[in-house]
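*Asks:* Before I ask anything, let me first share the structure, which is written out below as structure tokens.
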Amino acid sequence: MKKKYSTIHPKVKGFMHGGDYNPDQWVGYPDIIEEDYRLMKLAKCNTFSINIFGWSAIEPEEGTYTFEWLDKIINGLAEQGSHVILATPSGARPAWLSQKYPEVLRVEKNRQRNLHGLRHNHCFTSPVYREKTQQFNRILAERYKDHPALIMWHVSNEYSGECHCDLCQAAFREWLKEKYHNNLDELNHAWWTGFWSHTFSNWEQIESPAPHGENQVHGHNLDWKRFVTEQTIDFYKNEIVPLREITPTIPVTTNFMGSYPEMGPFLGLNYDKFAKEVDVVTWDSYPAWHGDYQETSELAADVGFVHDMYRSLKDGQPFLILECTPSLVNWHKVNKTKRPGMHLLSSMQSIAHGADSILYFQWRKGRGASEKFHGAVVDHVGHEHNRVFREVAELGEVLENLQEVVGASVEAEVAIIYDWENQWAIDDAQGLKIENKEYINTCQAQYQAFWKKGIPVDVISMDKDLSKYKLVIAPMLYMVRPGVAERIETFVSNGGTFVSTYWSGIVDEHDLCFLGGFPGPLKNVLGIWAEEIDTLYDKEFNEVKFKEESSLNLSQTYKARDYCEVVHPKGANVLAEFQHDYYQGMPALTVNRYGKGEAYYIASRNDAQFHDDFYGEMAERLDIKSVFSEEIPKGVSVQRRANEHHEYTFVMNFNDHEQTVKLTKDHVYVDMVSQREIKSTVVLKPYGVVVLKKC
Ligand code: GAL
């Protein structure tokens with residue numbers, strides 16, 4: 001449904017623009033702070049996240065609080081009209097805390113306790129750390145609960161990592177006891193511990209995975225990862241107790257991450273679980289634009305996939321970009337500046353996919369330590385006369401022009417299933433291509449076909465409701481948790497179209513292989529039996545050819561690489577066949593009629609042309625519409641947000657050269673970026689963007 005979501009707080013009327021502000025690093029520089037306020041206005045920034053790493057500046061000694069500097073900053077920001085996102089500072093702690101309570105220090109996989117230093121270096125189980133963070137958050141919430149600038153809590157920072165201390169080991173065992181009903185036999189079976197004589201005879205023998213200990217029992221690895229997610233969420237829940245109690249109307253979030261250089265979600269935590277506990281999903285987006293290993297437009301599609309995933313975590317509710325860089329980062333392998341125009345373009349892309357903010361790391365470059373060369377709005381030079389500042393200010397203006405887009409929804413009829421636990425299990429499996437089985441790339445390869453056509457896609461976990469989609473694609477659905485196959489069956493029998501690929505329906509939620517033939521519980525709906533899977537060397541390939549009498553309007557031959565599965569139809573029709581090797585003439589693509597719907601199975605990893613043609617055909621058959629009726633040139637992305645009144649069409653050129661895009665005849669649009677009227681065609685500059693609204 002076209003919908004307008006409300007903003008995260010009634011005080012927020014438009015896009016939030018601004019970001020991490022670390023004045024705690026500048027307490028001895030009052031002139032700088034004064035200058036910041038002037039520059040913030042010039043940059044058209046209206047929202048700042050503060051106190052992310054402010055703990056030692058507020059509590060320099062245990063129980064001694066020096067809030068005065070923070071009072072000044074919050075008041076200063078409020079006076080110049082900014083909203084404040086207030087952080088709880090648990091991501092890094094004062095040295096006195098580690099010194100006095102060493103149990104808060106994290107123990108690594110090798111069972112060595114870290115020294116004090118860095119950040120994100122704490123135990124999530126430690127009762128002391130839980131108590132100290134909660135206590136601090138209570139004092140913080142009490143102090144600022146009525147502050148007019150406060151619009152959101154930013155809890156900690158990018159939770160990540162795991163601790164292997166004795167407290168965590170004990171908590172892990174308790175977690176396992178609960179999960180396996182205090183029954184060690186149940187655990188031994190789920191983990192298949194008969195293998196290599198690993199059967200446990202008492203709970204105390206169980207430890208977290210370790211490089212010098214147990215690390216080959218997949219059910220064990222999987223449960224540890226699940227435990228780490230739950231323990232992290234539990235720590236977060238402990239942190240927010242006072243926030244919920246004292247400021248019940250202030251929304252709470254924590255910033256999620258992406259993975260780089262391969263653009264995907266962060267894999268250390270199951271965000272699908274975490275998202276349920278935050279009021280709004282936020283993420284820190286740092287794509288390596290203009291890299292030499294991927295075309296900018298391909299990277300843009302991968303970034304789009306992650307945006308769509310994070311939007312889908314809360315069923316379409318707009319997300320926030322809590323961090324991105326106005327220019328470069330300092331931790332990619334090669335730290336390239338964003339080319340002119342890319343900052344506006346990449347920001348518009350985030351918004352096109354459902355973001356309601358563009359917030360940066362960080363406002364001003366620090367003078368010292370490891371992030372001094374990370375991009376920021378204000379550079380060491382300290383004034384506004386540079387390219388980055390100008391581009392930020394330009395974006396600030398555009399965001400003001402786009403204000404009515406805030407809260408607009410993205411409507412998708414297609415969903416791609418991406419699932420964290422599935423990723424963990426695939427990565428752990430020994431077989432196929434050991435180093436990288438490319439699960440995320442496989443999901444993104446299907447996604448690209450829709451991206452090029454301007455067809456919106458949701459990216460969902462296997463537990464989500466499927467009923468609102470026309471087409472659901474589950475690439476490499478290796479793990480099938482209980483209930484999932486049944487929901488897919490219901491979806492298809494009610495008329496939905498389901499597509500799955502090779503290496504699906506292999507293991508259950510414990511990473512135990514399904515017996516009785518793959519794709520396990522998906523056999524019925526797919527109408528096939530997958531006998532074996534062949535892995536090809538990098539230079540090898542097979543070919544997939546559509547049969548002449550195939551029900552799809554396709555006749556070409558496509559290349560298959562990496563994986564070819566030997567599949568037998570068990571009720572399904574064969575649409576395409578392999579052309580070579582001992583499985584020549586065997587099914588490469590099948591379709592099974594099931595109830596009112598259809599289920600397709602792609603038996604090999606095929607080239608982009610296959611995805612373009614196959615999904616093009618699917619879109620036509622299922623009447624899945626592009627948001628754009630004219631041709632979309634290569635490297636251009638078209639996305640749409642809409643509310644009850646208007647549609648906003650984002651046309652974005654990810655090429656380093658101009659592109660001309662034809663528009664629907666007889667329509668007059670206003671480009672909300674330039675505020676100009678546009679008719680019939682638009683010429684997009686290199687990295688140019690227009691946001692079209694019908695006049
Ligand atoms: C983020 C982090 C920020 C800053 C930034 C640099 O992951 O939350 O504090 O370090 O990276 O890109």
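The values are calculated or read from the model by the stated rules, or taken from the named source; none is laboratory data. This one's a predicted model, so the numbers in the text were calculated from it and none came from an experiment. Every residue, glycine among them, receives a Cβ derived from its backbone with ideal geometry; neighbour counts consider all protein chains shown. Note: accessible area is taken over every heavy atom of the protein model, side chains too, but ligands, DNA and RNA are not part of it. Shrake-Rupley method; radii C 1.70, N 1.55, O 1.52, S 1.80 Å.
*Asks:* Please count how many residues of segment 262-286 are open to solvent by 10 Å² or more (accessible area, probe 1.4 Å), away from the ligand (no atom under 14 Å from the Cβ), assigned to a loop (DSSP other than H, G, I, E, B) and modelled with pLDDT of 95 or more.
*Replies:* 3
*Asks:* Scanning for something among the hydrophobic types (A, V, I, L, M, F, W, C) and within 14 Å of the ligand (Cβ to nearest atom), does segment 298-308 turn up at least one residue?
*Replies:* no
*Asks:* Can you name the residue in segment 528-542 that is touching a His at 6+ places or on another chain (Cβ under 9 Å) and open to solvent by 10 Å² or more (accessible area, probe 1.4 Å) and is also farthest from ALA572 (Cα to Cα) among such residues?
*Replies:* PHE541
*Asks:* Hey, can you tell me all the residues within segment 657-684 that are in contact (Cβ under 8 Å) with a residue 60 or more places away in the chain and exposed (fewer than 15 other Cβ atoms within 10 Å of the Cβ)?
*Replies:* GLN675
*Asks:* Which ones in segment 174-191 are within 32 Å of the chain's Cα centre (by Cα) and either open to solvent by less than 30 Å² (accessible area, probe 1.4 Å) or of a type in the set (Phe, Trp, Tyr) (or both)?
*Replies:* Across segment 174-191, the qualifying residues are TRP175, LEU176, TYR180, LEU187, ALA190, TRP191.
*Asks:* Which is of a type in the set (Ser, Thr, Tyr), over 30 Å from GLU400 (Cβ atoms) and not assigned by TED's automatic domain parsing to the domain that holds GLY291, of SER680, SER629, SER604?
*Replies:* Sole residue among the options that is of a type in the set (Ser, Thr, Tyr), over 30 Å from GLU400 (Cβ atoms) and not assigned by TED's automatic domain parsing to the domain that holds GLY291: SER604.
*Asks:* Output yes when any residue across segment 320-336 is more than 16 Å from the ligand (Cβ to nearest atom) and either assigned to a loop (DSSP other than H, G, I, E, B) or within 25 Å of ILE473 (Cα to Cα) (or both), and no when none is.
*Replies:* No; the residues of segment 320-336 include none that is more than 16 Å from the ligand (Cβ to nearest atom) and either assigned to a loop (DSSP other than H, G, I, E, B) or within 25 Å of ILE473 (Cα to Cα) (or both).
*Asks:* Tell me, please, whether a residue that is away from the ligand (no atom under 16 Å from the Cβ), of a type outside the set (D, E, K, R) and crowded, with 23+ Cβ neighbours inside 10 Å can be found in segment 372-388.
*Replies:* No, the conditions are met nowhere in segment 372-388.
*Asks:* Here is a further query. I'd like the full set of residues that are open to solvent by 10 Å² or more (accessible area, probe 1.4 Å), within 19 Å of PRO686 (Cβ to Cβ) and within 16 Å of the ligand (Cβ to nearest atom), limited to segment 338-365.
*Replies:* LYS338, SER346
*Asks:* So which residues in segment 578-594 are among the aromatic types (Phe, Trp, Tyr) and crowded, with 16+ Cβ neighbours inside 10 Å?
*Replies:* Matches in segment 578-594: PHE578, TYR583, TYR594.
*Asks:* Looking at GLU540, GLU548, which is the one that is in a loop (DSSP other than H, G, I, E, B), without any contact (Cβ under 8 Å) to a residue 12 or more places away in the chain and out of contact with any Gly (no Cβ under 9 Å at 6 or more places or on another chain)?
*Replies:* Just one listed residue meets the conditions, GLU548.
*Asks:* Could you please let me know if VAL525 is crowded, with 19+ Cβ neighbours inside 10 Å and either part of a helix (DSSP H, G or I) or among the small types (Gly, Ala, Ser) (or both)?
*Replies:* Spelling it out, VAL525 is indeed crowded, with 19+ Cβ neighbours inside 10 Å and either part of a helix (DSSP H, G or I) or among the small types (Gly, Ala, Ser) (or both).
*Asks:* Find the residue count for segment 606-639, including only residues that are surrounded by fewer than 21 Cβ atoms within 10 Å (Cβ to Cβ) and assigned to a strand (DSSP E or B).
*Replies:* Number satisfying all stated conditions: 0.
*Asks:* Right, GLU158: within 16 Å of the ligand (Cβ to nearest atom) and either at pLDDT 95 or above or open to solvent by 30 Å² or more (accessible area, probe 1.4 Å) (or both) or not?
*Replies:* Judged against the criteria, GLU158 is a match.
*Asks:* I'm told MET152 meets every condition in (1) within 18 Å of GLY54 (Cα to Cα); (2) surrounded by fewer than 21 Cβ atoms within 10 Å (Cβ to Cβ); (3) in contact (Cβ under 8 Å) with a residue 24 or more places away in the chain except one. Can you identify the failing condition by its number?
*Replies:* Condition (2) is where MET152 drops out.
*Asks:* Right, another one. What residue, among those in segment 241-261 that are surrounded by fewer than 16 Cβ atoms within 10 Å (Cβ to Cβ) and more than 16 Å from the ligand (Cβ to nearest atom), is farthest from ASP20 (Cα to Cα)?
*Replies:* Checked segment 241-261; the qualifying residue farthest from ASP20 (Cα to Cα) is GLU245.
*Asks:* Next up: Would you pick out the residues in segment 14-24 that are assigned to a loop (DSSP other than H, G, I, E, B) and either open to solvent by 40 Å² or more (accessible area, probe 1.4 Å) or within 13 Å of the ligand (Cβ to nearest atom) (or both)?
*Replies:* Once the filter is applied, which keeps residues that are assigned to a loop (DSSP other than H, G, I, E, B) and either open to solvent by 40 Å² or more (accessible area, probe 1.4 Å) or within 13 Å of the ligand (Cβ to nearest atom) (or both), segment 14-24 yields TYR21, ASN22.
*Asks:* Checking GLU394 against (1) open to solvent by less than 20 Å² (accessible area, probe 1.4 Å); (2) outside any loop (DSSP other than H, G, I, E, B): exactly one of these is not met. Which one?
*Replies:* Every listed condition holds for GLU394 apart from (1).
*Asks:* Now, a different point. Scan segment 561-582 and report the pairs whose first residue is farther than 15 Å from PHE518 by Cα and whose second residue is in a strand (DSSP E or B) and of a type in the set (Asp, Glu), with Cβ atoms within less than 8 Å and a gap of 6+ or a chain change.
*Replies:* Close Cβ pairs satisfying both conditions: TYR563/ASP534; PHE578/GLU543; GLN579/GLU543; HIS580/GLU543; ASP581/ASP534.
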